[in-house]
Structures are given as C-alpha cells and as structure tokens.
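Notes follow the structure.
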Amino acid sequence: MRFAAFAALAAKQRLLPYEYEPAAMGRQDVEIQISHCGICHSDLHLIDNDWSSSTYPLVPGHEIVGTITAAGGDCV
C-alpha cells in the first residue's frame with residue numbers, strides 16, 4: 001500500500017505531491033487514517049532546514065486528527 005502526502009524535496013522548496021511505501025508495522029506502532037493535519041511553525045523550520053537537521057524528502061505535519069486503523073501487538 002502506498003501513502004500519498006505532500007513533501008519538500010529540498011530545503012526552502014514548496015511542498016509537492018509525493019507517494020511512498022511505509023515501513024512494516026512494528027509491535028508498538030499505530031496506523032492512523034488522517035482526516036485533518038496542521039502545519040506548525042516547527043514544520044516550517046524543518047522544511048527550510050533552519051536547524052540543520054532535516055532530511056529530504058520531508059513530509060511535514062505532526063499535528064493530526066484521525067481514526068486508528070491498525071495497531072501493533074504491544075498496543076493496548
């Protein structure tokens with residue numbers, strides 16, 4: 001299954017449509033079908049590599065709302 005997202009492919013670049021294959025679910029992982037996602041100022045710093053720690057492609061947006069669709073075996 002491929003995931004669709006928007007990603008910065010390099011520092012200070014606009015977000016472009018991007019698809020990727022997620023890693024296999026681990027025992028402590030949770031999969032969420034995202035319905036809403038926010039971009040905060042920290043995401044902008046990461047897109048622009050202001051902290052010299054970004055790796056690209058970079059899919060920003062860690063403030064999400066959604067529904068859990070799968071959970072690893074260690075999740076309660």
- Hey, can you tell me all the residues within the stretch 22-76 that are closer than 19 Å to LYS12 by Cα, of a type in the set (A, V, I, L, M, F, W, C) and assigned to a loop (DSSP other than H, G, I, E, B)? ILE39, CYS40, TRP51, VAL59
- Taking the stretch 46-75, which residues are over 15 Å from the mean Cα position of the chain (by Cα), among the β-branched types (Val, Ile, Thr) and more than 16 Å from ARG2 (Cα to Cα)? THR67, ILE68
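Residue by residue through the stretch 1-20, note down the ones that are surrounded by fewer than 14 Cβ atoms within 10 Å (Cβ to Cβ) and either within 12 Å of the chain's Cα centre (by Cα) or polar (S, T, N, Q) (or both).
Initially, the stretch 1-20 is screened for residues surrounded by fewer than 14 Cβ atoms within 10 Å (Cβ to Cβ), giving 1-4, 9-10, 12, 14, 16-17, 19-20.
Listed by number, the residues that qualify are PHE3, ALA4, GLU19, TYR20.
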- Query: Looking at (1) in contact with a strand residue (DSSP E or B) (Cβ under 8 Å, 6 or more places away or on another chain); (2) free of Cβ contacts under 8 Å to residues at least 24 places away in the same chain, which is the only condition ILE34 fails?
  - Reply: (2)
- Flag if ASP43 is over 15 Å from the mean Cα position of the chain (by Cα), surrounded by 12 or more Cβ atoms within 10 Å (Cβ to Cβ) and within 14 Å of ALA7 (Cα to Cα): no
- Task: Please list, ordered by first then second residue, the pairs with beta carbon atoms under 9 Å, 6 or more apart or interchain, first in the stretch 61-76 and free of Cβ contacts under 8 Å to residues at least 60 places away in the same chain, second surrounded by 10 or more Cβ atoms within 10 Å (Cβ to Cβ) and of a type in the set (Phe, Trp, Tyr).
- Result: GLY61/PHE6
- Of the residues in the stretch 21-32, those that are touching a Gly at 6+ places or on another chain (Cβ under 7 Å) and either open to solvent by 100 Å² or more (accessible area, probe 1.4 Å) or among the acidic types (Asp, Glu) (or both) number 3
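The values are calculated or read from the model by the stated rules, or taken from the named source; none is laboratory data. The model shown is predicted, which means the values in this text are computed figures rather than measured ones. Neighbour counts are summed over all protein chains in view; Cβ atoms, including those assigned to glycine, are modelled from backbone coordinates with ideal geometry. All accessible areas refer to the heavy atoms of the entire protein, side chains included, with ligands and DNA or RNA removed. Shrake-Rupley method; radii C 1.70, N 1.55, O 1.52, S 1.80 Å.
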